[in-house]
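J.: Here it is, the structure, as structure tokens.
The values are calculated or read from the model by the stated rules, or taken from the named source; none is laboratory data. The model shown is predicted, which means the values in this text are computed figures rather than measured ones. Backbone-built Cβ (ideal geometry, glycine too); neighbour counts: all protein chains shown. Surface areas here come from the heavy atoms of the whole protein model, side chains and all, with no ligands, DNA or RNA. Shrake-Rupley method; radii C 1.70, N 1.55, O 1.52, S 1.80 Å.
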Amino acid sequence: MSDSRTDAAALAAADDTGQLLVRPARADDLAAIERLASSATPRLTNLPLHRDRLEERIARSTRALSHNVDFPGDETYTFVLEDRGELVGTASIRAQAGAQDVYYTYRQETLIHASQQLDLRHEVQTLSLSHEMSEVSLLCALSLDARYRHTSAASLLRRARLMFIAQYPERFAEVLGVAFPGYLDDDGQSPFWNSVGRHFFQQDYHEINHLAGVRSKSFIAEVMPQFPLYLPLLTPQARAAIGREHAVHEPALTEMLAEGFVRSRHVDIFDAGPVLRGERVRLRTLTRCGWHPVRIRPAASLPDGEPAMVANQQLADFRCTVARYALTPTGQLLLSEAQAELLGVEEGRAVLAAPLTLPDVEDALDEGEF
């Protein structure tokens with residue numbers, strides 16, 4: 001049983017943002033990333049609990065950061081979140097979702113059945129297997145220690161990836177995607193998988209989810225029916241799960257909608273979880289960020305200001321933290337010595353800053369309303 005005082009202390013530490021740091025994963029992070037993969041809720045296909053796959057992912061990220069890249073390909077960038085040196089989160093970017101294996105989703109469509117003789121016109125909702133999301137850059141594989149779930153650390157981990165994309169746009173597609181885990185019932189089962197995929201595979205949802213993480217999702221599409229799935233033929237529970245996120249991920253999805261992503265017509269082929277997509281030119285982090293030279297001052301003398309994500313200008317040693325958006329009259333960003341050291345920057349060096357706070361979502365758009 002956990003100690004409530006310990007949990008409270010961890011939450012307080014997470015909201016004291018002075019020591020939060022997002023950086024690229026290193027080989028010696030493997031054990032901590034493996035722990036985060038084991039605690040992800042629910043278990044993530046793109047963060048498999050498989051040491052060899054995780055080790056390979058870290059190595060791929062290191063290679064990608066060591067090479068010049070002119071356009072998105074099969075690169076994967078994996079980051080970790082530290083709090084005072086403790087690794088408490090991880091998240092990745094796939095430069096091109098379908099670079100290695102075709103990235104399959106189900107696309108929600110409407111078919112019209114009509115008969116002049118019967119004076120009948122009927123619209124039927126369907127799901128069609130699609131690979132058109134293969135070209136997007138995918139924000140994926142995010143797992144965060146549960147103690148930090150409702151703190152600024154969660155926002156930093158999710159959106160530091162956008163700060164990285166803002167600095168190196170040539171490495172990524174013009175359209176970004178985010179796939180969220182789908183709805184599971186009280187027994188931890190996926191109503192959608194049980195109504196669709198289970199008819200073609202012997203494994204239950206969790207078994208097939210792990211298998212796809214160790215291998216790829218492409219073998220699923222090879223076995224699944226190639227014709228549209230008529231939604232009226234699915235169970236009511238399966239239909240209700242389409243486009244519905246897992247409860248634990250509701251805050252993350254809300255934040256991504258506030259960022260400027262929209263709900264696409266695509267859903268995951270396993271659990272029908274929602275897939276968001278966003279044009280880079282519409283995302284608030286990328287449109288509101290700006291470069292500022294650093295001015296270092298004693299921490300006690302720093303003025304108040306809104307919280308901001310601040311990132312250095314170093315590819316292989318990318319670092320992003322949270323600081324106050326306090327500017328001098330000439331546009332210099334004021335940082336303490338500790339913050340500058342955390343970022344690895346000196347006075348006069350330019351850093352990229354963007355507001356951490358996003359506006360509330362009032363009327364989130366769907367893909368057709370771009």
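J.: So which of Ala240, Ala258 ends up being assigned to a helix (DSSP H, G or I), in contact (Cβ under 8 Å) with a residue 60 or more places away in the chain and on the phi < 0 side of the Ramachandran plot? Give the steps one after another, and end with the answer.
T.: Values: Ala240 fails: in contact (Cβ under 8 Å) with a residue 60 or more places away in the chain.
So the residue among Ala240, Ala258 that is assigned to a helix (DSSP H, G or I), in contact (Cβ under 8 Å) with a residue 60 or more places away in the chain and on the phi < 0 side of the Ramachandran plot is Ala258.
J.: Then there's this: Select from the stretch 9-38 the residues that are among the acidic types (Asp, Glu) and either touching a strand residue (DSSP E or B) at 6+ places or on another chain (Cβ under 6 Å) or open to solvent by 50 Å² or more (accessible area, probe 1.4 Å) (or both) and write down the one among them that is modelled with the lowest pLDDT.
T.: Within the stretch 9-38, the first condition is being among the acidic types (Asp, Glu), and the residues that meet it are 15-16, 28-29, 34.
Still in the list and also either touching a strand residue (DSSP E or B) at 6+ places or on another chain (Cβ under 6 Å) or open to solvent by 50 Å² or more (accessible area, probe 1.4 Å) (or both): 15-16, 28-29.
On the way: Asp15: 44, Asp16: 47, Asp28: 98, Asp29: 98.
Per the criteria, the residue is Asp15.
J.: Return the only residue of Leu111, Leu36 being closer than 30 Å to Leu234 by Cα and of a type in the set (A, V, I, L, M, F, W, C). Step through it out loud before you land on a result.
T.: On the way: Leu36 fails: closer than 30 Å to Leu234 by Cα.
Going through Leu111, Leu36 in turn, just one is closer than 30 Å to Leu234 by Cα and of a type in the set (A, V, I, L, M, F, W, C): Leu111.
J.: Within the stretch 211-228, track down each residue that is open to solvent by 90 Å² or more (accessible area, probe 1.4 Å) and either within 26 Å of Asp186 (Cα to Cα) or in contact with a strand residue (DSSP E or B) (Cβ under 9 Å, 6 or more places away or on another chain) (or both).
T.: If we filter the stretch 211-228 for residues that are open to solvent by 90 Å² or more (accessible area, probe 1.4 Å), which is where we start, we get 215, 222, 226-227.
Hits for the stretch 211-228 are Gln226, Phe227.
J.: Identify, please: which residue in the stretch 229-274 is of a type in the set (Ser, Thr, Tyr) and surrounded by fewer than 20 Cβ atoms within 10 Å (Cβ to Cβ) and is, among those, farthest from Asp186 (Cα to Cα)? Break it down into steps so the answer makes sense when it comes.
T.: Initially, the stretch 229-274 is screened for residues of a type in the set (Ser, Thr, Tyr), giving 230, 235, 254, 264.
Add one more test, that the residue is surrounded by fewer than 20 Cβ atoms within 10 Å (Cβ to Cβ), and what stays is 230, 235, 254.
Numbers: Tyr230: 26, Thr235: 17, Thr254: 23 Å.
Only one residue fits best here, namely Tyr230.
J.: Could I ask something else about it? Looking only at residues that are of a type in the set (A, V, I, L, M) and modelled with pLDDT of 75 or more in the stretch 199-220, which one is farthest from Asp268 (Cα to Cα)? Give the steps one after another, and end with the answer.
T.: If we filter the stretch 199-220 for residues that are of a type in the set (A, V, I, L, M), which is where we start, we get 208, 211-212, 214, 220.
Right, trim to modelled with pLDDT of 75 or more and you get 208, 211-212, 214.
On the way: Ile208: 13, Leu211: 15, Ala212: 13, Val214: 17 Å.
Here the answer is Val214.
J.: If you don't mind, another one. Hey, among Gln108, Gln96, Gln167, Gln117, which residue is surrounded by fewer than 16 Cβ atoms within 10 Å (Cβ to Cβ) and among the polar types (S, T, N, Q)?
T.: Numbers: Gln108 fails: surrounded by fewer than 16 Cβ atoms within 10 Å (Cβ to Cβ); Gln96 fails: surrounded by fewer than 16 Cβ atoms within 10 Å (Cβ to Cβ); Gln167 fails: surrounded by fewer than 16 Cβ atoms within 10 Å (Cβ to Cβ).
Answer to the selection: Gln117.
J.: Exactly one of (1) of a type outside the set (Asp, Glu); (2) farther than 30 Å from Leu162 by Cα; (3) open to solvent by 20 Å² or more (accessible area, probe 1.4 Å) is unmet by Pro191. Its number?
T.: It is condition (3) that Pro191 fails.
J.: Follow-up question, since we're still on this one. Is there a residue being touching a His at 6+ places or on another chain (Cβ under 7 Å) and within 25 Å of Gly98 (Cα to Cα) anywhere in the stretch 214-232?
T.: Narrowing the stretch 214-232 to residues touching a His at 6+ places or on another chain (Cβ under 7 Å): 214.
Applying the additional criterion that residues be within 25 Å of Gly98 (Cα to Cα) yields 214.
Yes, the conditions are met somewhere in the stretch 214-232.
J.: What is the residue count in the stretch 127-142 for residues that are surrounded by 23 or more Cβ atoms within 10 Å (Cβ to Cβ) and within 15 Å of the chain's Cα centre (by Cα)? Before you say what the answer is, go through the steps one by one.
T.: Restricting attention to the stretch 127-142, the residues satisfying the condition of being surrounded by 23 or more Cβ atoms within 10 Å (Cβ to Cβ) are 127, 136-139, 141-142.
Next, from what is left, pick out any that are within 15 Å of the chain's Cα centre (by Cα): 136-139, 141-142.
Qualifying residue count for the region: 6.
J.: Separate question: Given the residues Thr45, Thr6, Thr41, which is the only one that is assigned to a loop (DSSP other than H, G, I, E, B), open to solvent by 40 Å² or more (accessible area, probe 1.4 Å) and at pLDDT below 90?
T.: Values: Thr45 fails: open to solvent by 40 Å² or more (accessible area, probe 1.4 Å); Thr6 fails: assigned to a loop (DSSP other than H, G, I, E, B).
Answer to the check: Thr41.
J.: Looking at (1) touching a Pro at 6+ places or on another chain (Cβ under 9 Å); (2) open to solvent by less than 20 Å² (accessible area, probe 1.4 Å); (3) more than 23 Å from Val136 (Cβ to Cβ); (4) at pLDDT below 95, which is the only condition Leu54 fails?
T.: (4)
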